[in-house]
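Asker: Structure in structure tokens, see below.
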């Protein structure tokens, strides 16, 4: 049975899509079956996976509106993971969902018949707490939160954590925080060190030991439609995401041993 992880942060520019793409590719390299769902109307995870927005017939929009099945829309990427692509027309689905019955459970119902085909389903969410993000949180088993180590990092987390708590108490009691990931990290920066320590103080073991560094090759990879492990597998960014995938798999193994 596949694990569904929503990758969420209401603040933009924190490495959410970068994490979605590269974690999907890293898990695939480790022989895991992975589906990446692009739930952001900007479609950056689609483009960053090497898929031209004009070269696919179906998208997240049609799936959410029950016009086609998920299987019909999924495409294979160069990174060897499956992708449910999207483009700006997903905004249409967002508007129509607002009028639908049980609108917050639409994605959960769609994935209920598919998640057994994958080891991991990663959902790249929009940088806002809208109906699309709520759908992801209702469908997910857990939440991975990328956090840039900057001044407003902890402040921005409050709203997201409140939303997660509301989802837990009302619709999805099994939802939990998978982990907090420090991104675009520069250990020479005093502020980054301070914010990193605050995250560790507040969230303790929920913070991944792996940190994602600021890395030029990591920033270049999406423009080539490649994950960092394809673009430059020896770069610091590639090593970091492979290490993160390994850490996440170890956490799963440790949890099974304690059950």
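The values are calculated or read from the model by the stated rules, or taken from the named source; none is laboratory data. All of these numbers come straight from a predicted model, not from anything done at the bench. Every residue, glycine among them, receives a Cβ derived from its backbone with ideal geometry; neighbour counts consider all protein chains shown.
Asker: Take segment 1-40 and flag every residue that is in a helix (DSSP H, G or I) and surrounded by fewer than 21 Cβ atoms within 10 Å (Cβ to Cβ).
Answerer: 29
Asker: Based on what the data block shows, is residue 240 out of contact with any strand residue (DSSP E or B) (no Cβ under 9 Å at 6 or more places or on another chain) and either surrounded by 18 or more Cβ atoms within 10 Å (Cβ to Cβ) or without any contact (Cβ under 8 Å) to a residue 60 or more places away in the chain (or both)?
Answerer: no
Asker: Now for a separate question. Would it be correct to say that residue 145 is at pLDDT below 95 and either surrounded by 21 or more Cβ atoms within 10 Å (Cβ to Cβ) or touching a helix residue (DSSP H, G or I) at 6+ places or on another chain (Cβ under 9 Å) (or both)?
Answerer: no
Asker: Related question: Condition test on residue 134, is it touching a residue at least 12 places away in the same chain (Cβ under 8 Å) and either in a loop (DSSP other than H, G, I, E, B) or within 17 Å of residue 13 (Cα to Cα) (or both)?
Answerer: No, not satisfied.
Asker: I need the helices (runs of 4 or more DSSP H) fully contained in segment 166-259, keeping only those with at least 2 residues that are under 22 Å from residue 4 (Cβ atoms).
Answerer: 236-258
Asker: Determine, yes or no, whether residue 67 is part of a helix (DSSP H, G or I), more than 20 Å from the chain's Cα centre (by Cα) and either more than 13 Å from residue 135 (Cα to Cα) or without any contact (Cβ under 8 Å) to a residue 12 or more places away in the chain (or both).
Answerer: No; evaluated as a whole, the condition is false for this residue.
Asker: Only one of 78, 102, 96, 116 is touching a residue at least 60 places away in the same chain (Cβ under 8 Å) and either crowded, with 19+ Cβ neighbours inside 10 Å or more than 27 Å from residue 230 (Cβ to Cβ) (or both). Can you tell me which?
Answerer: 116
Asker: Still on this structure, please answer the following. Considering only segment 81-91, I want to know if a residue exists there that is assigned to a helix (DSSP H, G or I) and either more than 13 Å from the chain's Cα centre (by Cα) or at pLDDT 95 or above (or both).
Answerer: yes
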